[in-house]
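The structure appears right after this line, and notes come after that.
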Amino acid sequence: MDQQTKAELKHDQFIDTTKHGLEWASENRRSVLVTSLVLLGVILFIVAGVVFYNNRSTQASVAFGTAMTAYQAPLALPGQPIPVGMKTYANVNERAKAANALFLAAADKYSMTPAGKNARYFAGLTYIEAGENASAESTLKQVADSWNSDLAALGKLALAQLYRQTGRAPQAIEIYNQLTAKPATTVPAGLAQLQLAELYEGQNQPDAAKKIYAQLKDKDAKGAAGTLAAQKLNPAPAAGAPPQQ
């Protein structure tokens, strides 16, 4: 087959392919149009969702920052001059209540954002500072049930502290054991064990506390938890005290 014949065959094949393509597009024009519009709608929906979420996240961060500013505001001491424009509070309880209202507002309005979830945790902490233990417990339980393991661990740790303060040691012990079994970045197993040992000390169970300290000292000899455990087992003598023989 000569070159001219080959070229003519290729040309005819190209024409046929193009013709069939145009015929298919013509016959399926409505289907193609509908599919294209659906895809375009999906893309626009995703873009709108991302823009909306980013906008909400920014608003949540601003609300959380406002609450944190109140939480960190200084306390006014009697007779102390207060700089113009600086917000102060008379005592910890007053400050905690003011910050709590702001944290709750941010948590409720922006519950699906990271800042909103963090706000609920701080709402639990400020409830504790304000002496509202029942509200603190219910709020921290919500945080403890969070899908975010790091935030949930913080919620559990604060909840255990609340149980200790309100005389519910068994519930606190259960939480510390949970945190030890499933540690998180925010609450390592060593920290949970240290808290558990301190609880035992407060419950006049020094042997149980020493057992935990000894285990931590051996298991985490060069880590922060092991170092603190070693110090608990061998406390430095008080200044001016005679050296131990």
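The values are calculated or read from the model by the stated rules, or taken from the named source; none is laboratory data. Since we're looking at a predicted model, the values are computed, not measured. All Cβ positions, glycine included, derive from the backbone under ideal geometry; neighbour counts span all protein chains shown.
For Gly226, the criteria (1) modelled with pLDDT of 95 or more; (2) surrounded by 15 or more Cβ atoms within 10 Å (Cβ to Cβ); (3) over 30 Å from Glu94 (Cα atoms) hold in every case but one, which is (1). Asn177 satisfies every condition listed in (1) outside the structural domain of Glu94 (by TED's automatic domain parsing); (2) part of a helix (DSSP H, G or I); (3) closer than 26 Å to Ala107 by Cα except (3).
Looking at this structure, is Lys211 over 29 Å from the mean Cα position of the chain (by Cα) and not assigned by TED's automatic domain parsing to the domain that holds Glu132? For Lys211, the condition - over 29 Å from the mean Cα position of the chain (by Cα) and not assigned by TED's automatic domain parsing to the domain that holds Glu132 - is met.
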